[in-house]
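Inspection log for the structure reproduced underneath, given as structure tokens.
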Amino acid sequence: MKILITGANGQLGLTLQDVFAGSDLILTDRDELDITDAKTVNNFIDTKKPEVVINAAAYTAVDQAEIEKELARKINVDGAKNLAAAAKKVDAIFFHVSTDFVFDGKKSKPYVETDETNPLSYYGQTKLESEKTVAEVGGKYFILRTAWLYSPFGKNFVKTIAKLGSEKEELKVVSDQIGCPTYAYDLAIAMKMLLDKTEYGLYHFAGDGKCSWFDFAQEIVKLSGGKAKVLPQTSFEYAASRGETLTAERPKYSPLNCKKIQKLDVKTVPWQESLAKCIEILKENQGL
Ligand SMILES: NC(=O)c1ccc[n+]([C@@H]2O[C@H](COP(=O)([O-])OP(=O)(O)OC[C@H]3O[C@@H](n4cnc5c(N)ncnc54)[C@H](OP(=O)(O)O)[C@@H]3O)[C@@H](O)[C@H]2O)c1
């Protein structure tokens, strides 16, 4: 199966390369295929004719997006539209990834796909717009909203905390934001499972269970054998400690209800179980 992966050097992109290693992969990142360039995207996909297009490219700097609005919008919205349209033209299955940050966090039960959206950040706004634009284009698309993504690749919370946990005596971590840590590997497997399904549309996919960043950090330090004591702090205290005036607002509560995708026999995994697997890989490869 011929699969095009955009943003192939990002953390999801690198994970996808692993999971889809047996396929005929076309791997591109910004230098090979800038997804904001509609004409190039159209020509590239029209020539290569992939059967599947996975968009792992995005503008993901949540705080910086408040400043670089135009660029964030161009990559997240226009980029997604260009890919969706080109994929539709060659009848390819299109995977797009969105985020729990499309919600405002005012709910007290995990969010379902039909819940009202109300992004608090500009990044969340662009991701919501990307969902709408992909749906408008139509075709054989899956939009997977995920959350708190981590992997052995790139820069992410797990790698940062594991490192700091081994270096510092004490770590203060935000305890008033609740969500679902999601292993990028599980998300990539979910995409693989969806390849033979035809129930296209919008789905939630995240790690099973929920926790705060503080709980998550405690588990990371424990599993990686760090020495740091993890202490809770509020989002407000965290922002103040960084001395930032312009920090994007994040939802206080954004767990995702994944029942819709589970009904398609796509498995979700308890977040602690997947975290343990990721930490094992980090220990083997990076000498944690
Ligand atoms: N990380 C999370 O916690 C999280 C949570 C929920 C949802 N998501 C979503 O999951 C997806 C994957 O995220 P990730 O963590 O893997 O992101 P990532 O590590 O930041 O990777 C994004 C990749 O996209 C590339 N890219 C940026 N602009 C591009 C362009 N114009 N054309 C082609 N490639 C471009 C980046 O290249 P450069 O390095 O050159 O910029 C990078 O390789 C995104 O859609 C994100 O919104 C992430």
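The values are calculated or read from the model by the stated rules, or taken from the named source; none is laboratory data. This structure is a prediction, so every number in the text was calculated from the model and none was measured. Cβ atoms come from the backbone with ideal geometry, glycine included; neighbour counts cover every protein chain shown. Note: areas computed on protein heavy atoms with side chains; ligands, DNA, RNA excluded. Shrake-Rupley method; radii C 1.70, N 1.55, O 1.52, S 1.80 Å.
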(request) Can you find, among Gly139, Leu164, Thr268, the residue farthest towards the positive end of the dipole of the chain? Put +1 on the C-beta of Lys and Arg, -1 on that of Asp and Glu. (result) Thr268
(message) Quick check on the chain: helices-only [θ] at 222 nm, where DSSP H runs of length 4 and up contribute -39,500 (n - 2.57) each and the sum goes over total residues. Nearest 500, please.
(response) -11500 deg cm²/dmol
(request) Highest first, please rank the peptides 23-30, 116-123, 234-241 by the mean number of other Cβ atoms sitting within 10 Å of their residues. (result) 116-123, 23-30, 234-241
(message) Compute and list, largest first, the equivalent-ellipsoid semi-axes of the chain from the alpha carbon gyration tensor, each √(5λ) rounded to a whole angstrom.
(response) 31, 21, 18
(request) Over segment 178-267, consider all pairs of different Cα atoms and compute the Kirkwood hydrodynamic radius from their mean reciprocal separation; express it in Å, one decimal. (result) 15.7
(message) At 1.4 Å probe radius, can you tell me the per residue accessible area of segment 36-93 in Å²?
(response) 48
(message) Can you compute the charge dipole magnitude of the chain about its Cα centre, using +1 on each Lys and Arg Cβ and -1 on each Asp and Glu Cβ, nothing else charged? Give it in debye, rounded to the nearest 20.
(response) 340
(message) Which three numbers, in whole Å and largest first, are the semi-axes of the equivalent ellipsoid of segment 38-167 derived from its Cα gyration tensor as √(5λ)?
(response) 27, 19, 15
(request) Take each of the peptides 64-74, 203-213, average the number of other beta-carbon atoms within 10 Å over its residues, and list them starting from the highest. (result) 203-213, 64-74
(message) Let me see the P(r) profile for segment 119-162: every Cα-Cα distance counted, bins of 10 Å, each bin given as a percent of all pairs.
(response) 23, 34, 33, 10, 1
(request) Pull up the cross-link candidates among the lysines for Lys2, meaning alpha carbon to alpha carbon under 23 Å and not fewer than 8 places away within one chain. (result) Lys39, Lys48, Lys49, Lys81, Lys88, Lys89, Lys140, Lys192, Lys197
(message) Probe of 1.4 angstrom, ligands and nucleic acids ignored: what's the accessible area per residue over segment 158-216, in square angstrom?
(response) 40
(message) I need to check one value: relative contact order of segment 1-73, counting alpha carbon pairs closer than 8 Å and at least 6 residues apart, in percent.
(response) 41
(request) Measure out, as a whole number of angstrom, how far apart the alpha-carbon centroids of segment 255-278 and segment 106-137 sit. (result) 20
(request) Just the number, please: carbon plus sulfur as a percent of the accessible area of segment 41-190, 1.4 Å probe, no ligands or DNA/RNA counted. (result) 49
(request) Pop out the Kirkwood hydrodynamic radius of segment 146-230 from its pairwise C-alpha distances, inverse of mean 1/r, in Å to one decimal. (result) 14.1
(message) How large is the Rg to Rh ratio of segment 131-288 when both quantities use alpha carbon positions and Rh follows Kirkwood?
(response) 1.01
(message) Need the C-alpha centroid separation for segment 209-247 versus segment 8-31, integer Å.
(response) 30
(message) Which order do the peptides 82-93, 217-228, 5-16 come out in when sorted by mean C-beta neighbours inside 10 angstrom, highest first?
(response) 5-16, 82-93, 217-228
(message) As I understand it, the dipole of the chain uses +1 on the Cβ of Lys and Arg and -1 on the Cβ of Asp and Glu, about the Cα centre. Which of Gly243, Ile35, Leu12 lies farthest toward its positive end?
(response) Leu12
